[in-house]
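Okay, structure first, notes after.
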Amino acid sequence: MIRLKNTVKKYGIQRALDCSNLHIKVGEFVFLVGASGAGKSTLMRLMYREELPTRGQVFVGGVDVAKMHPSKVPHLRRRMGIVFQDFKLLCDHNVFDNVAFVIRALGMSSREIKKRVRGALKIVGLPDKADALPTQLSGGEQQRVGIARAIVNGPSLLIADEPTGNLDPQTSMEIMDILEQVNKRGTTVIVATHDQIIVDHFKKRVITLEQGRIIKDINAGTYG
Ligand SMILES: Nc1ncnc2c1ncn2[C@@H]1O[C@H](COP(=O)(O)OP(=O)(O)O)[C@@H](O)[C@H]1O
Ligand SMILES: [Mg+2]
């Protein structure tokens with residue numbers, strides 16, 4: 001699903017990422033851990049082609065996104081879902097519209113859109129909140145909407161950058177349970193997190209970054 005080869009990302013002289021080799025297979029669930037500034041977000045931004053590598057390759061689904069023509073990027077993003085720490089919801093649009101936003105652009109019938117949005121809201125446990133505004137929801141509920149939006153188009157890859165960074169421990173665990181469900185339905189899931197309790201609880205593959213380098217990569221690992 002993902003393969004990086006001799007990939008370097010610099011910001012000016014600052015080397016944010018230096019990854020000689022990384023492979024994430026279809027269907028995996030991976031935690032990306034490491035201190036603030038270790039390069040987690042940089043690695044993810046390379047995967048969804050928000051950034052280009054300074055050198056090296058970034059394969060996503062067999063395609064080197066570093067060489068991808070900019071006009072192809074929307075097509076790449078449609079096959080992935082992205083979840084952010086700060087949710088990034090449209091606050092003047094209700095939950096339904098937030099989740100429908102991306103698939104509306106695809107020329108789907110309104111019946112199909114309704115079906116998909118309802119399905120996504122059901123998976124995240126918010127079947128009755130379609131008409132609510134984000135401001136009427138708790139942080140945990142807003143992140144559920146963020147996940148519904150990310151999965152509504154049935155992506156093969158879901159990337160979540162500190163999805164529980166703004167949430168309390170109980171709510172964080174609920175959000176992670178949903179991401180695990182999404183993975184069990186067949187989506188490859190990559191989660192960047194600082195949360196040791198979560199990483200230790202789920203016992204997934206754990207990739208540890210330090211100053212832009214992968215210093216550890218362990219299956220069924222823990223944070224420490
Ligand atoms: N847009 C940017 N411009 C300059 N430096 C950046 C930028 N984004 C990240 N960096 C630097 O790259 C390094 C890695 O950052 P980041 O990937 O955000 O780490 P993390 O997500 O693990 O906290 C840090 O030193 C950070 O300051
Ligand atoms: Mg980050």
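The values are calculated or read from the model by the stated rules, or taken from the named source; none is laboratory data. None of these values were measured; they are calculated from a predicted model. In this analysis, Cβ positions are derived from the backbone assuming ideal geometry, glycine residues included, and neighbour counts consider all displayed protein chains. Please note that ligands, DNA and RNA were not included when accessible areas were found on the heavy atoms of the full protein model with its side chains. Shrake-Rupley method; radii C 1.70, N 1.55, O 1.52, S 1.80 Å.
Before moving on, here are some points about what is shown:
- In sequence order, calculated HN-Hα J values of the range 47-62 (Karplus, 6.51, -1.76, 1.60; Hz; x Gly/Pro): 5, 9, 6, 7, 10, 9, x, 5, 7, x, 10, 9, 8, 10, x, x
- Among 1, 221, 94 the positive-end extreme of the charge dipole of the chain (Cβ point charges): 1
- 3J(HN,Hα) from dihedral phi, the range 115-128, Karplus parametrisation 6.51/-1.76/1.60, rounded to Hz, x for glycine, proline: 4, 5, 5, 4, x, 5, 5, 5, 4, 8, x, 10, x, 10
- With Cα atoms, 0 to 90° folded angle of helix 95-104 axis to the chain main axis: 70
- Sum of -39500 (n - 2.57) over DSSP H runs of 4+, divided by residues of the chain (222 nm, nearest 500): -10000 deg cm²/dmol
- Across the range 184-196, computed HN-Hα scalar couplings (Karplus, 6.51 cos²θ - 1.76 cosθ + 1.60, θ = phi - 60°) run 5, 7, x, 7, 5, 10, 10, 10, 8, 7, 9, 7, 4 Hz from first to last residue, x flagging Gly and Pro.
- The range 89-154 - percent of accessible surface contributed by carbon and sulfur, probe 1.4 Å: 50
- Subset of 10/184; 67/115; 25/216; 40/114; 40/115 violating a 28 Å alpha-carbon distance limit: 10/184; 67/115; 40/114; 40/115
- Summing Cβ point charges (Lys, Arg +1; Asp, Glu -1) relative to the Cα centre of the chain gives a dipole of roughly 1100 debye.
- Heavy atoms of residue 118: accessible area, 1.4 Å probe, square angstrom to 10: 150
- Taking the Cα centre of the range 1-88 as reference, the dipole from Cβ charges on Lys and Arg (+1) and Asp and Glu (-1) amounts to some 240 debye.
- Between the range 201-224 and the range 42-79, the alpha-carbon center distance in angstrom: 23
- Net charge of neighbours whose Cβ lies under 10 Å from the Cβ of residue 188, counting Lys and Arg as +1 and Asp and Glu as -1: 0
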